[in-house]
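The values are calculated or read from the model by the stated rules, or taken from the named source; none is laboratory data. Not measured: the values here are computed from a predicted model. In this analysis, Cβ positions are derived from the backbone assuming ideal geometry, glycine residues included, and neighbour counts consider all displayed protein chains. With ligands, DNA and RNA removed, areas are computed over all heavy atoms of the protein, side chains included. Shrake-Rupley method; radii C 1.70, N 1.55, O 1.52, S 1.80 Å.
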Amino acid sequence: MSGILSVLGRRETVPTPPLNLIADFAGGGMTCALGIVMSLFERQSSGKGQVVDTSLVEGTAYVSSFVYKTQNSPIWGKPRGQNLLDSGAPFYDTYETKDGKYMAVGSLEPHFYAKLLEGLELDIPQFSNFDITKESFRLKFLTKTQMEWIEIFDKLDACVTPIIELTEAHQKEPNISRKSFYKNPHTLSWEPEPAPKLSRTPGIANFSNPDPIPGEHTMEILKEFGYEESEIRSLAANGTVGIHHAHASVQKFENLTSLLR
């Protein structure tokens with residue numbers, strides 16, 4: 001209902017959902033967290049509390065203000081997938097490499113575009129026919145592997161980078177030097193550390209316990225609200241709430257993990 005999904009995706013295709021990152025996490029969770037921080041900050045001067053009214057629709061629209069404010073500019077003046085930043089321009093898109101991997105190109109500014117051409121060994125004016133240029137770029141990127149392109153563009157300030165898998169991110173610089181990822185001892189997978197990093201009190205990932213299982217804390221939470229155990233079990237029996245025993249779920253998870261290794 002925010003209107004943002006209508007502008008996401010390539011031309012001549014249906015709109016493409018950006019996972020659930022925009023509405024749930026950015027428009028919902030992040031704006032809610034910001035609202036809590038804002039209200040706590042304001043309380044220092046007023047001494048009063050207030051309700052933080054968070055809406056996924058409003059939050060999504062607000063974090064996408066740039067799109068709304070530029071929709072009548074040259075950046076967004078055309079239909080979906082035909083603009084400068086939505087895969088319409090050849091210098092702001094992704095390309096497949098010889099080995100079936102991908103490179104991301106974000107060479108919007110003229111000096112970046114010049115370095116892009118240097119790396120590709122091409123000579124094409126930036127705002128010539130986009131379709132023809134894009135086909136030239138596509139064919140060129142298919143001539144080398146991703147690693148070969150990385151070696152080329154690592155030496156050039158062209159805003160051209162490899163598209164890596166989630167399982168590769170923790171191996172890359174500067175992620176290693178900044179300690180941006182940690183290994184979850186319960187799942188053995190690499191996960192992001194909290195961000196942004198504060199200089200005095202940085203956030204630290206807490207993996208003393210496994211991630212909670214849905215329904216793991218139903219009993220204790222409802223008891224805090226005054227429900228008796230018999231009432232809670234009755235609610236669970238008729239499907240109103242779910243109850244899962246953590247130790248049994250963890251054992252099942254550990255058994256599954258051992259099978260997958």
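In whole angstrom, note down how far apart the Cα centers of the stretch 1-30 and the stretch 186-205 are.
If we compute the Cα centre of each part, the gap is 27 Å.
Hey, can you find the accessible area per residue of the stretch 11-155 for me, probe 1.4 Å, expressed in square angstrom? Walk me through the intermediate numbers first.
Numbers: 9310 Å² over 145 residues.
Result: 64 Å² per residue.
Please report, in debye to the nearest 20, how large the charge dipole of the chain is about its Cα centre when each Lys and Arg carries +1 at its beta carbon and each Asp and Glu carries -1 there.
Working: 25 positive and 32 negative charges, 62 e Å.
Here the chain has a charge dipole of around 300 debye.
Could you tell me which of rounded, prolate or oblate describes the stretch 60-171, using a ≥ b ≥ c as the square roots of the eigenvalues of the alpha-carbon gyration tensor, with rounded for a/c under 1.5 and, failing that, prolate when a/b is larger than b/c and oblate otherwise? Each step should come with its number before you reach the end.
Working: a/c = 2.00, a/b = 1.36, b/c = 1.47.
Cα axes put the stretch 60-171 in the oblate bin.
To make sure I understand the rule: partners must be lysines, Cα under 28 Å from the Cα of residue 223, and not fewer than 8 residues away in the same chain. Which ones qualify?
252
For the chain, with all protein chains present and a 1.4 Å probe, just round the carbon and sulfur fraction of the accessible area to a whole percent.
Values: 10680 of 18150 Å².
So the carbon and sulfur contribution to the accessible surface is 59 percent.
Computed FRET efficiency, Cβ-Cβ of residue 224 and residue 188, R0 35 Å: what is it to the nearest 0.05?
Efficiency computed from Cβ-Cβ geometry: 0.55.
Roughly speaking, what is the stretch gain from residue 147 to residue 245, that is 0.36 nm per residue apart minus the C-alpha to C-alpha distance, in nm to one decimal? Write out the running numbers ahead of the final one.
Details: separation 98, 0.36 × 98 = 35.28 nm, distance 4.69 nm.
My answer for the length gained is 30.6 nm.
222 nm [θ] for the chain, helices only, -39500 (n - 2.57) per DSSP H run of 4+, per residue, to 500?
Numbers: 9 runs with 91 residues, N = 261.
Per the formula, -10500 deg cm²/dmol.
In terms of Cα to Cα distance under 19 Å, which lysines are near enough to residue 183, apart from those fewer than 8 places away along the same chain?
Counting by Cα, and skipping residues close in sequence, residue 183 has these lysines nearby: 172, 197.
Between residue 85 and residue 209, how high is the FRET efficiency from 1/(1 + (r/R0)^6) when r is the Cβ-Cβ distance and R₀ = 51 Å? Nearest 0.05.
Details: r = 42 Å, r/R0 = 0.81.
The calculated FRET efficiency here is 0.75.
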